[in-house]
């Protein structure tokens with residue numbers, strides 16, 4: 001639980017002090033779980049990638065290894081999610097833990113709307129939208145999207161997502177104001193990430209009025 005708490009707070013210094021080079025494995029697992037398990041969409045994604053790049057700039061992590069491991073984790077996670085959706089499908093929404101649904105159906109509905117608006121490009125664009133990122137491959141599996149097409153878009157989306165945010169953190173790693181206010185920067189990244197969802201929500205509300 002303590003490890004989970006420090007991951008959510010992006011406390012990289014604590015992670016390095018306690019796990020050393022095993023941080024690579026921890027980051028791999030976080031990205032894999034966030035993209036691969038529909039019940040875990042709340043794990044940090046965008047902000048974690050940016051912060052990882054920032055610490056790579058400081059010499060804590062090797063940037064090449066970081067990009068490779070995180071890219072593999074993102075692609076594997078999406079593929080697991082796709083096949084869960086394709087084999088288990090809507091039955092997963094029947095499962096409950098302590099009377100609460102394991103997965104909220106509203107997220108799948110929002111993802112379907114996202115697909116209808118952007119088509120197959122949603123596989124790429126969803127990478128940059130929290131929650132939708134987790135449900136997009138699952139929805140593609142349920143819809144039995146052509147696997148070859150899914151993988152093609154998924155590889156491209158994974159490379160763009162991992163590459164852009166991690167590299168942004170690396171390039172800005174020496175900017176003192178960013179290093180001093182990393183918490184604020186991460187909050188800003190989260191806000192920008194969920195902005196499309198907020199806009200879509202208010203547009204939907206406006207249509208129903």
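The values are calculated or read from the model by the stated rules, or taken from the named source; none is laboratory data. Please read these numbers as outputs of a predicted model, since none were measured by experiment. Please note: Cβ atoms are built from the backbone with ideal geometry, for glycine as well, and neighbour counts cover all protein chains shown.
Table for the structure above
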{"read-out": "Residue match in the stretch 195-203 (condition: modelled with pLDDT of 90 or more, under 19 Å from the mean Cα position of the chain (by Cα), assigned to a helix (DSSP H, G or I) and closer than 19 Å to residue 119 by Cα)", "value": "no"}
{"read-out": "Matching residues in the stretch 88-112 - criterion: being modelled with pLDDT of 75 or more, loosely packed, with under 15 Cβ neighbours inside 10 Å and not in a helix (DSSP H, G or I)", "value": "none"}
{"read-out": "Checking residue 80 against (1) in a loop (DSSP other than H, G, I, E, B); (2) surrounded by fewer than 21 Cβ atoms within 10 Å (Cβ to Cβ), the condition it does not meet", "value": "(1)"}
{"read-out": "Hits in the stretch 51-77 (condition: outside any helix (DSSP H, G or I) and touching a helix residue (DSSP H, G or I) at 6+ places or on another chain (Cβ under 8 Å))", "value": "60, 61, 62"}
{"read-out": "Unique match (being part of a helix (DSSP H, G or I), at pLDDT below 85 and either surrounded by 13 or more Cβ atoms within 10 Å (Cβ to Cβ) or out of contact with any strand residue (DSSP E or B) (no Cβ under 6 Å at 6 or more places or on another chain) (or both)) among 124, 189", "value": "189"}
{"read-out": "Checklist (1) touching a residue at least 40 places away in the same chain (Cβ under 8 Å); (2) assigned to a helix (DSSP H, G or I); (3) closer than 21 Å to residue 164 by Cα applied to residue 16, failing item", "value": "(3)"}
{"read-out": "Qualifying residue in the stretch 80-87 (condition: modelled with pLDDT under 85 and within 21 Å of the chain's Cα centre (by Cα))", "value": "no"}
{"read-out": "Any hit, the stretch 10-22, residues being exposed (fewer than 15 other Cβ atoms within 10 Å of the Cβ), under 16 Å from the mean Cα position of the chain (by Cα) and farther than 22 Å from residue 145 by Cβ", "value": "no"}
{"read-out": "Set 170, 115: member being assigned to a helix (DSSP H, G or I), in contact with a helix residue (DSSP H, G or I) (Cβ under 7 Å, 6 or more places away or on another chain) and without any contact (Cβ under 8 Å) to a residue 60 or more places away in the chain", "value": "115"}
